1. Quick one: what pairs do we get from the range 133-152, first residue assigned to a loop (DSSP other than H, G, I, E, B) and open to solvent by 10 Å² or more (accessible area, probe 1.4 Å), second within 11 Å of the ligand (Cβ to nearest atom) and not aliphatic (A, V, I, L, M), C-beta under 9 Å, 6+ apart or different chains?
2. Looking for whichever is open to solvent by 40 Å² or more (accessible area, probe 1.4 Å) and in contact with a Leu (Cβ under 9 Å, 6 or more places away or on another chain) here; the options are K168, K162. Which one fits?
3. Considering only the range 284-339, how many residues are in a loop (DSSP other than H, G, I, E, B) and farther than 28 Å from G96 by Cβ?
4. If you go through the range 39-61 one residue at a time, how many are open to solvent by 20 Å² or more (accessible area, probe 1.4 Å) and of a type in the set (A, V, I, L, M)?
5. Modelled with pLDDT of 95 or more, farther than 22 Å from Q30 by Cβ and either away from the ligand (no atom under 12 Å from the Cβ) or not in a helix (DSSP H, G or I) (or both), is that true of V128?
6. Name the single residue, out of those in the range 191-208 being assigned to a strand (DSSP E or B) and open to solvent by less than 10 Å² (accessible area, probe 1.4 Å), that is farthest from R132 (Cα to Cα).
7. Specify the residue that is surrounded by the fewest Cβ atoms within 10 Å (Cβ to Cβ); the eligible residues are those in the range 12-24 that are at negative phi and out of contact with any Leu (no Cβ under 9 Å at 6 or more places or on another chain).
Amino acid sequence: MTATMTPRKRFLAALRQQPVDRPPVWMMRQAGRYLPEYREVRKGHTFLEMVHQPELATEVTLQPLRRFGFDAGILFSDILTIPEAMGMNVQFPEGGPQLTPVVRTAADVAKFGHVDVREKLGYVEAAVKMIRGELGDHHALLGFSGAPFTLACYMIEGHGSKTFELTKTLMVQQPEVMRSLLDLLADVVIDYLQMQLEAGADAVQLFDTWAGELRRADYDAMVWPSTKRIVDAIQDKGGQIMVFARHPGHLLDSTMTLGADGLGLDWRIDMAEAAAKASKQALRPALQGNLDPIELFAPAAHIERRVKEVYESVGGGTGWIANLGHGVIPPTPIAGVEAFVNAVHALKSKTAVPHVPCSHCRCGSEHAAP
Ligand code: CP3
């Protein structure tokens, strides 16, 4: 079908739950090791060099946009830039990130001073500006941050974990220490996301990857308040924010009330149920997701069927951003990513969009009015 909106307009309209010509599409971890051109850049640099050098971060952010018809790019970076800016040593050896010295006591939290994000994370600001310069107003650009709880998990455990026992131990033994850490992190996250929005990001996503490890009462008491404070602070200044969590099922009634512009959901969620829940909210979030990244290994016909299934289950497109339920994994076949994007491109929104010829960008398609 003929595209009638620019990717950026399409993405932002979907996030605002306005009519679109077709749903927008991007993928978490769309830049990464499944791409030969990423592996080529990575050969000459460590992952942290790629994160720290705006030219390299810009290059790998743009790679998936050159190859696939994604509507949004996501800043190439990592959630662990924040603990690093706070003074922790962060390394990425084979097998996942390692952070030292770990946080275990009130004194450990107290030693973190105020973080001037422009000073410590100026390389991220520079990367966002550079990427925006390359994208013009054609593609949407997402910034992001780790959410306080997920950042706290890495800062307390010192690495990833299956059980998060040290984090949970701190929560039950010294809840005030956990609260003060989450509060401190929320302050930094707000400044960091605000900086990215001012530098040219269209919207930001908060990754609360490990929030689903908590029971709902603990999420509500410990994690919801700092997350809500971030959502409110970003929106108060006119920004748009999406919140993503893995294993989000038992938390949905809580995350729905954050008032986020969008909620990223994983593949365990029935999107029809989530859409019904969302429509009952005073501040209804757009929904994003939710194929299992492993489904990209399936034949194209499976991917196409599943994309249509999710599209139908959210009611035909408005307020839905096509994505996976978590990040693309390194062995993913390129053909699977192509099949996913093509399947979304073939959809037509059930809500019509006013149609005028393009006169304001270089995309060669026809657009809705800017
Ligand atoms: O989505 C994108 O394309 C943007 C880039 C991005 C990366 N990390 C690049 C990356 C984003 C948004 C992240 C967020 C991130 N980082 C999260 C939250 C999202 C999620 O995946 O749950 C988390 C938990 C991290 C921490 C992290 N960084 C881990 C656990 C790892 C190791 C796992 C792995 O894949 O190796 C990383 C490294 C990392 N972050 C890589 C990339 C492309 C691989 C680095 C490499 O090239 O060796």
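1. Hits for this filter: H139/F70; H139/G73.
2. Values: K162 fails: in contact with a Leu (Cβ under 9 Å, 6 or more places away or on another chain).
Matching residue, one of K168, K162: K168.
3. Residues in the range 284-339 being in a loop (DSSP other than H, G, I, E, B) and farther than 28 Å from G96 by Cβ: 9 in total.
4. 3
5. no
6. Taking the range 191-208 first, the residues assigned to a strand (DSSP E or B) are 203-208.
The next check asks that each one be open to solvent by less than 10 Å² (accessible area, probe 1.4 Å); those that pass are 203-206, 208.
Numbers: A203: 12, V204: 14, Q205: 17, L206: 20, D208: 25 Å.
This residue is D208.
7. Residues of the range 12-24 at negative phi: 12-16, 18-24.
Narrowing further to those that are out of contact with any Leu (no Cβ under 9 Å at 6 or more places or on another chain): 12-16, 19-21.
Details: L12: 21, A13: 22, A14: 30, L15: 25, R16: 14, P19: 17, V20: 30, D21: 25.
Going through the qualifying residues, I end up with R16.
Table: residues versus (1) within 16 Å of the ligand (Cβ to nearest atom); (2) surrounded by fewer than 19 Cβ atoms within 10 Å (Cβ to Cβ); (3) farther than 24 Å from T6 by Cα.
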site: A272; (1), (2), (3): no, yes, yes
site: L287; (1), (2), (3): no, no, no
site: D292; (1), (2), (3): yes, yes, yes
site: L296; (1), (2), (3): yes, no, yes
site: E309; (1), (2), (3): no, yes, yes
site: I321; (1), (2), (3): yes, no, no
site: L324; (1), (2), (3): yes, no, no
site: E338; (1), (2), (3): no, yes, no
site: A343; (1), (2), (3): no, no, no
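The values are calculated or read from the model by the stated rules, or taken from the named source; none is laboratory data. Note that this is a predicted model, so its numbers are computed, not measured. With ideal geometry, Cβ positions are generated from the backbone for all residues, glycine too; neighbour counts draw on all protein chains shown. Just so you know, the surface numbers come from the protein's heavy atoms only, side chains and all, with ligands and any DNA or RNA stripped out. Shrake-Rupley method; radii C 1.70, N 1.55, O 1.52, S 1.80 Å.
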